[in-house]
Ligand code: GLY
């Protein structure tokens, strides 16, 4: 099967059956699998042959401690520079494994089977990996492209509803950033149809990955345009830091709705476009009220450890399918919500 995308000429992204693709993609030599247990969903005799490293579930394991656990297990297993590392799981597994593999012995080759919608449309594609430090998201990591990413939409049939919805937030995000046709298709469908129609889902996954792949092609290391992929994320990260009630996708939905409101107040987005964004997110089942007071979120953003010399890069939607990045101080950002 031909890859759907070849990101940076080094990372092939496939949309199709993981079981079939893996037979072709895995190298002849030694392979070690890292997973959170979702591997059961993809059971394939091929994988049973390999040593595996199991890590826990949830954002709380996205830490340096987990990376160290993986390193120790790699040492126990005698992993060397020629070993290929395969991560099987959602965005947390691929982020942590990508980091461990790209730093162990100064870098091993690795690939991903992405088993969640959020992983398929966002986290596993584009070469960012990393861990959180003291709850601050993705504070340590590298930009290293996986050799391949396999996105198998059929694996999503058994994904819990809440996790599936979380991925839709990143799909809506991609549509707002650069694909008005994808946005319209999402408006014309329903949560239930997306859950049931694997072919439709595969098409929309492809469209969302295209948005990301095109941007990463032009700006791999987030010197400029890649910042657009953080639409809704400044607020989302503050939500995730302040409350454990929402997962990443749910927080991105709230952050996207809030920033659309700010963009209208700034005069860069039409109110009717904000209404379309809010209507789509609500129809997909997202709760759009922040789970903690706005004041607390803004205070958290003021402490943002990733701000560049005191400035934030805020992504503002300017239309359905277009957005701009503005440099603002945390105070200027807070003023948008006064
Ligand atoms: N998730 C945003 C990025 O990969 O740049």
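Worth pointing out:
- Computed [θ] at 222 nm, deg cm²/dmol, the chain (DSSP H ≥ 4; -39,500 (n - 2.57); rounded to nearest 500): -13500 deg cm²/dmol
- Residues listed by number, region 143-185, amide nitrogen under 19 Å from residue 270 label point at 7 Å toward C-beta: 175-185
- Choice from 317, 27, 291 showing the highest fluctuation, given a GNM over the chain with Cα pairs closer than 10 Å: 27
- Straightening the chain between residue 299 and residue 244 buys 18.1 nm, computed as 0.36 nm per residue apart minus the Cα-Cα spacing.
- GNM top mover of 171, 328, 246 - the chain, alpha-carbon springs below 10 Å: 328
- Between 0 and 90°, nearest 10: helix 248-265 axis offset from the chain longest Cα axis: 30
- On Cα atoms only, tilt of 91-103 relative to the major axis of the chain in degrees: 60
- Full extension of the chain segment joining residue 59 with residue 197 gains 46.8 nm, where the gain is 0.36 nm per residue of separation less the Cα-Cα distance.
- Given their separation in residues at 0.36 nm each and the Cα-Cα distance between them, residue 75 and residue 30 gain 14.8 nm when the chain is fully extended.
- Springs join every pair of Cα atoms under 10 Å in this Gaussian network model of the chain, and among 263, 174, 100 the largest mean-square fluctuation is at 263.
- On Cα atoms only, tilt of 233-242 relative to the major axis of the chain in degrees: 80
- Distance between region 148-220 and region 259-282 - C-alpha centres, whole angstrom: 21
FYI, it's all coordinate maths here, none of it is from the lab. No experiment lies behind these values; they were computed from the predicted model shown. Neighbour counts are summed over all protein chains in view; Cβ atoms, including those assigned to glycine, are modelled from backbone coordinates with ideal geometry.
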